[in-house]
Amino acid sequence: MTEQETIKQPNLIVFSKQNFSATQKDIMTLAISRLDEGKIQKDLFQNQLITVTAKMLSEISQKDYIRLKTECKSLNTKQIEISDDANESFCFIVPFPMVEYKKGIITLTMLAPVAQQFLELKTKYTEIYIRESLSLDTFTKKRLYELLSSYKNRNINVWNVYDKELIELLDATKSYKSRPKQFENEIITSCVDAINQLTSLRVKYTREKVERGVWLTTFVVENKQPKAAIKKFNPAALDEKSARCLEWLKKLGVNAKYHQKIIENCQPEFWKWMNSNKDNLKEGKFKSPAAVLVVHLGLVEPKID
C-alpha cells in the first residue's frame, strides 16, 4: 500500500457521531489519508477530488460490484454530527456528497470547508495508523480504536466515559439500555481484545456503577513501544528555532517534563500562541502563563470549578 502510514484528525471529528459500516469507514480512512494539505486553500472554495482503489478494501472483492455499489450509495448519504447541546449548537456534515466508481477506482468529492475540518492539524488531533484501522473487522472496533488513539500520546492517557455517550459514539444499534453487562461483554470486551491483539495500543479498562442505571467505563491507553526505544531529549542538539522555543518555555516557567513534547510535537502551535498573546504576556495578564499554555496545547486537562 502506497498510502502514508498515518493520518491526523482533529478531536472535533473523532468525537463526532458517526454511523458508517465497516467498509464505509475504511473508505473514509483511506480518503482522508490521501487529502493533500498543500492543495487546500483556506480562503478559496475548492472541492477536493480523492481517489481510492477498490482493491484496497479487504472486506469487498473486486468482483463484488453490487455490494460495492450499495456501500458507496449509502456512503453518499451518511452524515457526521457534531453537537454541543449544552450550548445549543450543532453541525451536520456529509463528508462525500458525490461518489463515483469506474474501472476499479472510487472517486470521492469532498467540499472544501469539510476538507479543512479534516486537515485542522492544530494541537488536538488523533494519530491513526491506517493499516491498524483497516485490520479491524467491524465499524465498532474501528471507532473505539479511533477514539482511544486520541489518548495515547496525551499527558493524561485516561478516558472516563458513561455508557450512554459511548453507545452513541460507537453507534451501537442494538439497545443496551439497562443491559450494562451485555454491553460490556458484546461491545467493550470484544473491541478491546481486538485492539490489543491487532494494533499498537495497549488498552485496559474498568467499569463501575456510579448510580442506579448509570455505568462509567475508565479506559487507560498506552503505546506498546517500549520506553527504552523512546528518543532521548538532547537540548544541545536543537536547531536555532527549537533552542529559542526551549528558552521561552523556561522563561514562561513551563515544567521541564513538557519541553520535549512541545518542541517535537507542538512547536507550530506554540509559536502561534506566543504571537497571539504577546501583548497579554507583556502586560502580565496571565496569572500563570505556563498553565495557560500547556492547557492550550492539550497537554493537561483544564480545571473546571
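Kindly evaluate Lys55 against the criterion of being loosely packed, with under 14 Cβ neighbours inside 10 Å and either touching a residue at least 60 places away in the same chain (Cβ under 8 Å) or in contact with a Gly (Cβ under 7 Å, 6 or more places away or on another chain) (or both).
yes
Scanning for something under 26 Å from the mean Cα position of the chain (by Cα) and more than 24 Å from Val158 (Cβ to Cβ), does segment 240-257 turn up at least one residue?
Looking for residues that are under 26 Å from the mean Cα position of the chain (by Cα) and more than 24 Å from Val158 (Cβ to Cβ), one finds none in segment 240-257, hence no.
Residues in segment 132-164 that are open to solvent by 40 Å² or more (accessible area, probe 1.4 Å), in contact with a helix residue (DSSP H, G or I) (Cβ under 6 Å, 6 or more places away or on another chain) and assigned to a helix (DSSP H, G or I): how many?
1
Within segment 149-168, count every residue that is among the β-branched types (Val, Ile, Thr) and closer than 16 Å to Ser16 by Cα.
The total comes to 2.
Go through (1) over 30 Å from Pro180 (Cα atoms); (2) touching a residue at least 12 places away in the same chain (Cβ under 8 Å) one by one and return the number of the condition Lys282 breaks.
In the conditions (1) over 30 Å from Pro180 (Cα atoms); (2) touching a residue at least 12 places away in the same chain (Cβ under 8 Å), Lys282 misses (2) alone.
Looking only at residues in segment 247-305 that are among the aromatic types (Phe, Trp, Tyr) and out of contact with any Leu (no Cβ under 8 Å at 6 or more places or on another chain), which one is farthest from Leu12 (Cα to Cα)?
Trp248
Looking at segment 73-96 only, could you name the residues that are open to solvent by less than 60 Å² (accessible area, probe 1.4 Å), of a type outside the set (A, V, I, L, M, F, W, C) and within 19 Å of Lys25 (Cβ to Cβ)?
Ser74, Asn76, Lys78, Glu81, Pro95
Among (1) touching a strand residue (DSSP E or B) at 6+ places or on another chain (Cβ under 7 Å); (2) surrounded by 14 or more Cβ atoms within 10 Å (Cβ to Cβ); (3) free of Cβ contacts under 8 Å to residues at least 60 places away in the same chain, there is one condition Val292 misses while meeting the rest; what is its number?
Checking Val292 against (1) touching a strand residue (DSSP E or B) at 6+ places or on another chain (Cβ under 7 Å); (2) surrounded by 14 or more Cβ atoms within 10 Å (Cβ to Cβ); (3) free of Cβ contacts under 8 Å to residues at least 60 places away in the same chain, the one that fails is (1).
Going through Thr173, Thr138, Thr189 one at a time, which residue ends up being modelled with pLDDT of 95 or more and either among the aromatic types (Phe, Trp, Tyr) or farther than 20 Å from Leu12 by Cβ (or both)?
The conditions single out Thr189.
Which pairs turn up if I take residues in segment 98-111 that are closer than 13 Å to Lys73 by Cα and open to solvent by 10 Å² or more (accessible area, probe 1.4 Å) and look for partners that are of a type outside the set (S, T, N, Q) and part of a strand (DSSP E or B) with beta carbon separation below 7 Å, at least 6 apart in sequence or on another chain?
Matching pairs, first to second residue: Val99/Ile106; Val99/Leu108; Thr107/Leu49; Thr107/Glu100.
The values are calculated or read from the model by the stated rules, or taken from the named source; none is laboratory data. Bear in mind that the values here come from a model prediction, so they are computed numbers and not experimental data. Note that we place each Cβ from the backbone using ideal geometry, even for glycine, and neighbour counts take in every protein chain shown. Keep in mind that these areas ignore ligands, DNA and RNA; they rest on the heavy atoms of the full protein, side chains included. Shrake-Rupley method; radii C 1.70, N 1.55, O 1.52, S 1.80 Å.
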